[in-house]
Every structure is written in C-alpha cells, then in structure tokens.
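Report on the following structure.
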Amino acid sequence: MSQDFLYLLSKEQLNKKFISENIYPNKNLNYYLCDDLSLETYIKLCEFGFISTSIILENNFYLLPEIQFEYAILDFNNLHISKKVKTLIKNSEYKFCINRDFKSVLNQIQNYHKDSWIEENYEKLLINLNSLKNNNSNF
C-alpha cells in the first residue's frame with residue numbers, strides 16, 4: 001500500500017453517483033477505509049467492485065476496501081493452463097481443487113498467514129455472508 005492517506009467511506013457514499021464521480025476516475029487512490037461492518041455495506045462494496053481486506057489502526061478495526069486499477073478474472077470453464085504447468089500438475093504431488101468447506105478455508109488462511117486480514121470481526125462478517133449465500137440470497 002503506497003498511498004499517503006486513507007479516505008473513510010460511509011454507507012451513504014456507496015451509491016452509483018458518488019462512486020462513478022469520485023472513486024472510479026481516481027487513479028491515485030485505490031485503498032479506502034470503512035467502519036461499517038454490516039452485511040449490507042460489505043455487499044455494496046462488493047457490488048461496486050471493491051475487494052476488501054481489513055486493518056487495525058489506532059486500535060480500531062476497519063474494512064480496507066480496494067478498487068484495483070487492474071483486474072484479473074479466473075474463468076474456470078475457459079482457463080488456459082500452459083503445457084509447463086500441466087506437466088507440473090500431472091507429474092507431481094500438486095493438486096488444484098476448490099474447497100467448499102468455508103470455515104476450513106478461513107482456518108487454513110489464518111494458520112498459514114499468522115498476521116492475516118482475517119481477524120475476528122472480519123471472520124464473523126465473512127461467515128455471516130456465507131450463511132446468506134447458503135440461504136439462496138441473490139448475493
């Protein structure tokens with residue numbers, strides 16, 4: 001993160017007009033702060049293209065939404081895998097899989113990255129979000 005300050009986004013600013021006029025055109029700032037941990041706000045951040053991690057500043061927990069200047073999308077149905085990588089996968093102990101045990105994925109991230117962005121508040125938010133998904137939500 002190489003910017004000098006973090007702008008605090010409010011729930012009220014998460015609307016098409018504000019985001020289109022102030023966030024998307026700004027090529028100098030891509031990290032923001034958000035102190036609203038509600039599912040509604042997190043979902044709005046996602047819908048506007050933010051990818052959020054978290055941060056603790058001065059003993060306060062914040063979401064750290066980022067608008068990336070460039071994006072990458074994995075289209076698993078049309079994923080190109082180079083010959084070198086195919087050979088590596090075929091001839092070694094590496095295996096690519098998608099784990100649907102959400103809690104296990106969170107635990108493994110926390111085990112692997114001791115100082116990860118998935119601290120208690122963020123973990124609760126993600127678990128609640130996953131519960132929405134499992135209840136046939138539109139998100």
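Can you pull out every residue in segment 12-53 that is over 16 Å from Phe69 (Cα atoms), buried (at least 18 other Cβ atoms within 10 Å of the Cβ) and of a type in the set (Ser, Thr, Tyr)? Listed by number, the residues that qualify are Thr41, Tyr42.
Considering segment 54-76, and only residues there that are in contact with a Phe, Trp or Tyr (Cβ under 8 Å, 6 or more places away or on another chain) and aliphatic (A, V, I, L, M), the residue that is surrounded by the most Cβ atoms within 10 Å (Cβ to Cβ) turns out to be Leu63.
Within segment 53-65, being in contact with a helix residue (DSSP H, G or I) (Cβ under 8 Å, 6 or more places away or on another chain) and either at pLDDT 95 or above or aromatic (Phe, Trp, Tyr) (or both) holds for Phe61, Leu63, Pro65. Those helices (runs of 4 or more DSSP H) of segment 1-112 in which at least 2 residues are in contact (Cβ under 8 Å) with a residue 12 or more places away in the chain, under 21 Å from Asn130 (Cβ atoms) and in contact with a Cys (Cβ under 9 Å, 6 or more places away or on another chain), considering only elements entirely within it, cover 39-47.
The values are calculated or read from the model by the stated rules, or taken from the named source; none is laboratory data. Every value quoted in this text rests on a predicted model; they were computed, and no experiment measured them. Every residue, glycine among them, receives a Cβ derived from its backbone with ideal geometry; neighbour counts consider all protein chains shown.
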